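Chemist: One structure is given below, represented as structure tokens, and several questions about it will come after.
Each value in this text was obtained by applying a stated rule to the coordinates, not by laboratory testing. Keep in mind the model is a prediction, meaning the values are calculated, not measured. When we count neighbours, we look across all protein chains shown, and the Cβ atoms used for this are built from the backbone with ideal geometry, even at glycine.
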């Protein structure tokens, strides 16, 4: 668990703030509310973990920040406030294909994706792909770009960068491809790195290496990070703060200690309880949450977790949507159990 | 929370989850309007071909020596005095031009022939069995009705086009069935067993694809003896067309089998002791049946076009057999087409049939991948 | 890499060889030979036909030898540069097909280029502007192009041109037909080329637009496009550098099969328009069983397409690094 007492004392400036972000997909079957009122904030040099099951809207949130949500998806409302130092820019108000957002992509905010094989172009060398961002945001000189690229490859731990930079993605191993992608994302020293499940597709041993690398680089580059995952272990390892997401909404958020030691929302509690641990009696059945994650299509105005919640209160929880309310400092939850009865 | 809800209570989303593969395909197909149109057009055309004898006013060999190269006759419902009448056509008078010796047909607006439905005309046999002389529509003698005009010896083109549909539309089906048999067998064997067999078959297919098909068809058709009967020539053409065409289907089959061979469920079946033939039949074929259907649907129009082209050039079906291609032989001379433009009408039917098949095939192709979003 | 190409060249040679056998065999299929057809021609014009004359002719033309001997003699001669003798016109085949081969090749290559030059941009446009009016329009035109038999298109266009009062048909105006090659003749050729090229290109273009559209649509949704966008690359540059580049692969790899389709589709159009190219000559040769002429023409057409396949192999290797490296291992 992250424990930096001296860092806890340092006043943090807010780098990215999402307020009631809504991203909907307009499909034939109706309106898919992938992100339905998400609020979170990431401070400078801090790591926020975004956790939830597949399909809860984590990736769409990340894509929304960079405004790369593919049609038929659209950022419908809300704010995405980015602190650029001299001003605050609301990314939600920018045109998705305009020059302003493009000057932010790759430069102030970068993203690393889950599957490095499909995320890299198969017909361009990795050197070409790394240099592309550098040439866009940092310099026009091809030779200088090459030098920076080689330096980045070295920093991410790829041996023999002079040779590797000319190679194509299919010639590298999975771990090396992910390192190359990290090099590509960090080449312009972004203030915020969004990592969308960067280790899920890798072998377990490689996972650990990549995690270590990311943390190192984060410290070197003084970056903030939004780390998206469904793996609780990783959250515990590297995050300062955590936001738990379910069906397009944040259901609980707080520091990593708050969430792990004092979880409030029934979903969070079950999530934590469903981990197999070494300490428990081996013959006890693993606890799991009943049912499946529903698709956010034709959602009713009720708590999203109502169908699967063991503490659901019929008549309250299926009548309206609870608000995200702060219960103790920095720890908020969206649940009627903690709301005073009306 | 009830675990078992009635079918009607299912939300749209749950219905989507529970639908079988074929139901999903049908849902997607229904949304593809062009495909529905294409399918309907084809249904109409095939019905037209089957009931050609009833639907046409005459028989295909009936010659009206007085009216060679007659223009198409429009159907009127308002007569020369402006009164509303039963649908009718005007009579034609033909005179021989003294200088050019050509027969000129002029419309005589004084004489009207109302169109009779379920009228009596030239006798024919339904399905070759029952003799009757009732046609859907005709006009009383000595009136004549040529909706699409006549050809050079005075045969009604409308009638001949309907009858020609029989051969033109059936050659596609028969030819594709043959290609399908050859292609499936060879492609399946090639893909499943691999090795030397695969290499040999692959080379043969590649070779077939590289040879320009039309010259090959020309050459093979020229080889069909002139004195063969109509039926033999029909099958000869079918065999020629499918011999050259099976390559494409075989490759699709082989590709799919190669892909599926590596799937885990095939391995599981093998481990369970299922024999090869059953594996191919039960596990693999249903998986790519949809692709096969698409490919076949799109192969039929190619055959129709091929037969039309060959017959047009005189190398395909020959008289007295009629197909749209044979009818188009009259349209070979550009100058005659310029004057007697109605000789091109059979080509219109070809285009519509081919378009309809393509629309249908496109819709099937979209539906064939029901899991693709 | 070198071994890859060596194998392709070897394969090319084998294909040409097998094509020659097939070409020769196919000509042999119709019952009877040239002398029979000549006899029929004589009979139609009323000339008396004498059995011993026929036998002498057979001996003279070498038609009384078994088929494989005839083939070997012919093949051997072809390699020496003498593709045989045309019975019908009593001239060496090489004289007859020389100019025609040139014209056929020119038409085929120009048509091929036009097909790709037109189809690729339109395909890209319809994929990126899905469901727009332009998309529907081009899709509609594409369908018509696919469904209309080329000879029908030829006839329709010819009627239109005739009504407009221009001369139609053929590749040259009457004055230039027998003239020697000159710049003026070249210009005349260029004036007549558009009609056959457009007709032959129509079916191929229609099909290619659909393939390009489908291929690009597949790539547009892929992850690496999103990655590039997340770096801040602008949309136009992104489109051409990434998905178009990858989507071109299946297009390029089928150049090898597009050329045979163009060559063979061209045969019918050439016949309808009565062009001085190989198509009509082949047709006549087949009907009269002018053996060497027909076989040589079939062989030429096969060679043309084999070269096309080879070129598409080269292009594919250049375009896709993945193939470049697996090729190295074969």
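Chemist: What's the whole-number percent of alpha carbon pairs in the stretch C:108-289 lying beyond 19 angstrom? Before the final figure, lay out each step's value.
Modeler: Working: 10729 of 16471 pairs.
Counting pairs separated by more than 19 Å, the tail of P(r) holds 65 percent.
Chemist: Further question on the same structure: Over chain C, consider all pairs of different Cα atoms and compute the Kirkwood hydrodynamic radius from their mean reciprocal separation; express it in Å, one decimal.
Modeler: After inverting the pairwise mean of 1/r, the radius is 23.0 Å.
Chemist: What's the FRET efficiency of residue C:14 with residue B:271 using the Cβ-Cβ distance as r and R₀ = 51 Å, to the nearest 0.05?
Modeler: Working: r = 41 Å, r/R0 = 0.80.
For residue C:14 and residue B:271, the calculated efficiency is 0.80.
Chemist: Using only Cα atoms and rounding to the nearest 10 degrees, what angle (0 to 90) does helix C:67-79 make with the longest principal axis of chain C?
Modeler: 60
Chemist: Let me ask something else about it. Starting with the highest mean, order A:42-52, B:74-84 by the number of other Cβ atoms within 10 Å, averaged over the residues of each peptide. Please list the in-between numbers first.
Modeler: Numbers: A:42-52: 23.5, B:74-84: 9.5.
Descending mean neighbour count gives A:42-52, B:74-84.
Chemist: Packing-wise, with mean Cβ within 10 Å as the measure, how do C:256-269, A:111-124, C:238-251 rank, highest first?
Modeler: Those peptides, ordered most packed to least, come out C:256-269, A:111-124, C:238-251.
Chemist: Could you tell me how many degrees, from 0 to 90 and to the nearest 10, lie between the Cα long axis of helix A:126-137 and the main elongation axis, the longest principal axis, of the Cα atoms of chain A?
Modeler: 80
Chemist: Given only helices, namely DSSP H runs of n ≥ 4 each adding -39500 (n - 2.57), what is the per-residue ellipticity at 222 nm of the protein assembly as shown, to the nearest 500 deg cm²/dmol?
Modeler: Counting only the DSSP helices, I get -17500 deg cm²/dmol.
Chemist: Right, another one. Could you work out Rg/(2.2 N^0.38 Å) for chain A, with Rg from alpha carbons only? Walk me through the intermediate numbers first.
Modeler: On the way: Rg = 20.8 Å, N = 342, 2.2 N^0.38 = 20.2 Å.
Relative to the 2.2 N^0.38 Å estimate, chain A comes out at 1.03.
Chemist: Would you compute, for the Cα atoms of chain B, the largest minus smallest coordinate along each principal axis and list the three values in descending order, in whole Å?
Modeler: Each principal axis gives a Cα extent; for chain B these are 87, 64, 39 Å.
Chemist: What is the distance in Å between the Cα centres of the stretch B:203-221 and the stretch C:290-312?
Modeler: Cα centroid to Cα centroid, the span is 11 Å.
Chemist: Which order do the peptides C:281-289, B:115-123, A:177-185, B:339-347 take when ranked by the mean count of other beta-carbon atoms within 10 Å per residue, highest first?
Modeler: A:177-185, C:281-289, B:339-347, B:115-123
Chemist: Related question: Ignore the peptide's own chain and count Cβ atoms of other chains within 10 Å of each Cβ in C:77-90; give me the average, rounded.
Modeler: Across the residues of C:77-90, the mean count of other-chain Cβ atoms within 10 Å is 0.
Chemist: Count, for each residue of A:61-68, the Cβ atoms from other chains sitting within 10 Å of its Cβ, then give me the mean as a whole number.
Modeler: Partner-chain Cβ atoms within 10 Å, mean over residues of A:61-68: 2.
Chemist: Where both partners of a DSSP beta bridge lie in chain A, what percent of those bridges are antiparallel, to the nearest 5?
Modeler: 65
Chemist: Does the stretch A:119-189 come out rounded, prolate or oblate by the C-alpha gyration tensor, with a ≥ b ≥ c the root eigenvalues, rounded set by a/c under 1.5 and, if not, prolate when a/b is larger than b/c and oblate if not?
Modeler: Prolate, since a/c reaches 1.5 and a/b exceeds b/c.
Chemist: Just to be sure I understand: of the beta bridges DSSP finds with both ends in the protein assembly as shown, what percent are antiparallel, rounded to 5?
Modeler: Roughly 75 percent of the DSSP beta bridges within the protein assembly as shown come out antiparallel.
Chemist: Further question on the same structure: Roughly what angle does helix C:133-147 make with the longest principal axis of chain C, taking Cα atoms, 0 to 90 degrees, to the nearest 10?
Modeler: 20
Chemist: Note down the nm distance, to one decimal, between modelled labels 7 Å out along Cα→Cβ at residue C:180 and at residue C:3.
Modeler: 5.4
Chemist: Within 10 Å of each Cβ of B:355-362, how many other protein chain Cβ atoms are there on average?
Modeler: The shielding value for this peptide is 2.
Chemist: Now, a different point. Taking a temperature of 4 °C and a viscosity of 1.567 mPa s, what whole-number D in µm²/s does Stokes-Einstein yield for the protein assembly as shown with Rh from Kirkwood over alpha carbon pairs?
Modeler: Values: Rh = 34.6 Å.
Result for D is 37 µm²/s.
Chemist: Under a point spin-label approximation (7 Å from Cα along Cα-to-Cβ), what is the residue A:260-residue A:139 distance to one decimal in nm?
Modeler: 4.2
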